[in-house]
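K.L.:
Got a structure for you, questions after.
The values are calculated or read from the model by the stated rules, or taken from the named source; none is laboratory data. This is a predicted model, so every value here is computed, not measured. Counting neighbours? That spans all protein chains shown, and the Cβs are built from the backbone with ideal geometry, glycine included. Side chains included, ligands, DNA and RNA excluded: accessible areas come from the protein's heavy atoms. Shrake-Rupley method; radii C 1.70, N 1.55, O 1.52, S 1.80 Å.
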Amino acid sequence: MSPHVLILGGTTEARELAAALTALPGVRVTTSLAGRVTRPGTVTGDIRIGGFGGADGLAAWLREQRVDALVDATHPFAETITANAARAAATTGVPAVVLRRPGWRPGPQDRWYPVGSLPEAAGLLPLLGPRVFLTTGRLGLSAFAHLTELHFVVRSVELPDPPMPPHTEVLLARGPFTVDDETNLLATHCIDVVVTKDSGGEATAAKLTAARRLALPVVVVRRPALPPDVTAVPDVPAVLERLGLSPR
């Protein structure tokens, strides 16, 4: 029987994994997307949109669809989904793998301020400068809405959800971005401080190099911890090896 792999997707790595799995003979691949982005990009294999109804709903879907392996390739900050996936896998006995790109690491010339949450990031900003480049995604801007004296330049793939700071300029764009582009953006908007989540990967890392060029401080929100007894692998080949599906 052909193995059925469910990918909890939404990341570049999830799309790469779906392509790698569908290229293997006899492997059925379903990628599940939360549906928060209206143009998620091209995904090979079967696609489903929407949530499962928590860990119990996901466990039921794994059983009903006869899933043989579950890969959590969601965003590093999709904490609830990752916890539900771990519970569903434990409940059903379906082998599970977490795919997480490595996080960023500061260099000797970087001025990073690591924080544990968006509210903690917001608390630092009045000390670092009045003009903020905010690249934490379109969700969670409410954590900064009370900062009425600061000007925010917010970059997002789609329009952010309110509430948001009163002085907010929205830039709609999708990476990858070049270092020169990011440097010009920071200079043109007279940015004093950059705020980002530790998403990792190359697609949005250029802003960190640009901030280093301009000697700007960067507030970096740390990733949430993985659930107990859950470890992650860093790339698609490691997932294929863990699943025993490496190309021969």
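K.L.:
Residues that are under 24 Å from P76 (Cα atoms) and open to solvent by 10 Å² or more (accessible area, probe 1.4 Å): which helices (runs of 4 or more DSSP H) entirely in region 170-248 hold 2 or more of them? Lay out the reasoning, then the answer.
P.N.:
Details: elements: 179-188, 206-213, 236-243.
In region 170-248, the matching helices (runs of 4 or more DSSP H) lie at 206-213, 236-243.
K.L.:
Determine whether region 179-186 contains at least one residue that is among the β-branched types (V, I, T) and touching a strand residue (DSSP E or B) at 6+ places or on another chain (Cβ under 9 Å).
P.N.:
No - not one qualifying residue is present in region 179-186.
K.L.:
Take the conditions farther than 19 Å from I191 by Cα, touching an Asp or Glu at 6+ places or on another chain (Cβ under 9 Å) and at pLDDT below 95 and apply them to L139. Does it pass?
P.N.:
yes
K.L.:
A further question on this structure: Checking P166 against (1) open to solvent by 60 Å² or more (accessible area, probe 1.4 Å); (2) touching a Lys or Arg at 6+ places or on another chain (Cβ under 7 Å), only one condition comes out false. Which one?
P.N.:
All conditions pass for P166, except number (2).
K.L.:
Any idea how many residues of region 83-109 are small (G, A, S) and either assigned to a helix (DSSP H, G or I) or open to solvent by 80 Å² or more (accessible area, probe 1.4 Å) (or both)?
P.N.:
Qualifying residue count for the region: 6.
K.L.:
Name the one entry in P130, P119 that is in contact with a His (Cβ under 8 Å, 6 or more places away or on another chain) and either at pLDDT 95 or above or open to solvent by less than 10 Å² (accessible area, probe 1.4 Å) (or both). Quick ask: steps written out before the conclusion?
P.N.:
On the way: P119 fails: in contact with a His (Cβ under 8 Å, 6 or more places away or on another chain).
Just one listed residue meets the conditions, P130.
K.L.:
A follow-up question, please. When only residues in region 23-38 that are among the polar types (S, T, N, Q) and either part of a strand (DSSP E or B) or modelled with pLDDT of 95 or more (or both) count, which is nearest to D161 (Cα to Cα)?
P.N.:
If we take residues in region 23-38 being among the polar types (S, T, N, Q) and either part of a strand (DSSP E or B) or modelled with pLDDT of 95 or more (or both), then S32 is nearest to D161 (Cα to Cα).
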